[in-house]
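Right, one structure below, let's go through it.
The values are calculated or read from the model by the stated rules, or taken from the named source; none is laboratory data. The structure presented is a predicted model; accordingly, all values stated were derived computationally and were not measured. Every residue, glycine as well, gets a Cβ built from its backbone with ideal geometry; the counts of neighbours run over all protein chains shown. We work out accessible area using only protein heavy atoms, side chains counted, and drop any ligands, DNA or RNA first. Shrake-Rupley method; radii C 1.70, N 1.55, O 1.52, S 1.80 Å.
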Amino acid sequence: MSMSCKLVRYTPDPERTVAMSARLCYSPIGAAQLEEKITDEQAAKLVRKLVSMGHFSTLEHVTFTFAIEGVSRVLTHQLVRHRIASYSQQSQRYVKEHDFETIVPPSIAKNPETKAKFDKLMLKIQDMYNEFIDEGILAEDARYILPNAAETKIVCTFNARSLLNFFSLRCCTRAQWEIRALANEMLRQVKEVAPVIFENAGPTCVSEGVCHEGAMSCGRLQGILAAKAKTEAQK
């Protein structure tokens, strides 16, 4: 089953909202008047300055809501660890899993023998789950045998500051493959509606020019720094 991620709601004019909020801190006039006076160019310039200086508090005024499907419980267990966000997940207590879909890891899917073993086990779990339900076991108890591979659906809302942190961790090549794929797709979509806020978003090698993985580093930073040095030399 393939992953689906859709940005379904977001704060209108997110970059103007951030800029207006920042200017209010130092202005004698109110937010409504400031909103009228700020041009898109001024907003973009101020947002870039705020992000470069690490002044992220005003980014919390804009939010982004995603509808996510075709992901595993493995992924959502990781996702909800990002605590500055709101989540609504499909319940295995109230939604019976009589024909649950599964997310198959690539390393299992590429090997016919392991894929066959995986499918056989999922079918066995499905049959036992259905037996439990037929025998009167409550769905909230029968779900205890369901696998981490079971497909789930979730709606999540992040503010921009929390998203930047999420991308710095989950777009990294060291992140688990499924949540990394989700993070990259979420980043692609928010860049379309808030390109200035997220223009340098991503793993810390991209956003900060540093790597915190030490000996586990993928080596991407060296390529980024080399490309930057080449660009500077050509100016």
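Would you look at the GNM of the chain, springs on alpha carbons closer than 10 Å, and say which of 190, 80, 155 moves the most? Comparing 190, 80, 155 in the GNM, the peak value goes to 80.
Build a GNM of the chain with springs between Cα atoms under 10 Å apart, and of 66, 167, 100 the one that fluctuates most is 100. Once C-alpha pairs closer than 8 Å and six or more residues apart are averaged by separation and normalised to the residue number of the range 103-169, the relative contact order reads 30 percent. Only lysines eight or more places from residue 110 in sequence, or on another chain, were considered; those with a Cα closer than 20 Å are 120. For residue 144 and residue 111, the difference between the fully extended length at 0.36 nm per residue and the C-alpha to C-alpha distance is 9.1 nm. Straight-distance candidates among the lysines for linking to residue 117, with alpha-carbon spacing under 24 Å and chain neighbours fewer than 8 residues away dropped, are absent. Against the main long axis of the alpha-carbon atoms of the chain, helix 14-24 sits at an angle near 50°.
With a cut-off of 10 Å between beta carbons, the residues surrounding residue 65 carry a summed charge of +2, where Lys and Arg count +1 and Asp and Glu -1. For the pair the range 165-235 and the range 49-84, the centres of their Cα atoms are 15 angstrom apart. Basic side chains Lys and Arg get +1 at the Cβ, acidic Asp and Glu get -1 at the Cβ, and with that the dipole of the chain about its Cα centre reaches some 980 debye.
Database remark: amide H of residue 153 closer than 5 angstrom to the amide H of 90 (H placed geometrically; neighbours at sequence offset of 5 or more, or on other chains; Pro and chain starts carry no H). The Kirkwood hydrodynamic radius of the range 1-119, based on inverse pair distances between different Cα atoms, is 18.3 Å. Compared with the dominant Cα axis of the chain, that is its longest principal axis, helix 40-53 is turned about 70°. Measuring nothing but how far apart in sequence close Cα pairs (under 8 Å, 6+ apart) lie, relative to its length, the range 127-235 scores a relative contact order of 18 percent.
Spin-label pair residue 234-residue 90: with each label point 7 Å from Cα along the Cα-Cβ axis, the two points sit 4.7 nm from one another. Exposure check, 1.4 Å probe, all protein chains in place: residue 104 carries approximately 40 Å² of accessible surface.
Average accessible surface for the chain: 59 Å² per residue, computed with a 1.4 Å probe over protein heavy atoms with every protein chain in place.
Ignoring lysines fewer than eight residues from residue 191 along the same chain, the ones with Cα atoms less than 20 angstrom from its Cα are 6, 45, 49. Roughly what angle does helix 160-170 make with the longest principal axis of the chain, taking Cα atoms, 0 to 90 degrees, to the nearest 10? Around 60 degrees separate the two axes.
Translational diffusion of the chain, estimated by Stokes-Einstein from the Kirkwood radius over alpha carbon pairs at 4 °C in a medium of 1.567 mPa s, is 63 µm² per second. Its relative contact order, with pairs defined as Cα atoms under 8 Å and 6+ residues apart, puts the chain at 25 percent.
By the Kirkwood approach, averaging reciprocal distances over each pair of separate Cα atoms, the range 32-85 gets a hydrodynamic radius of 14.4 Å.
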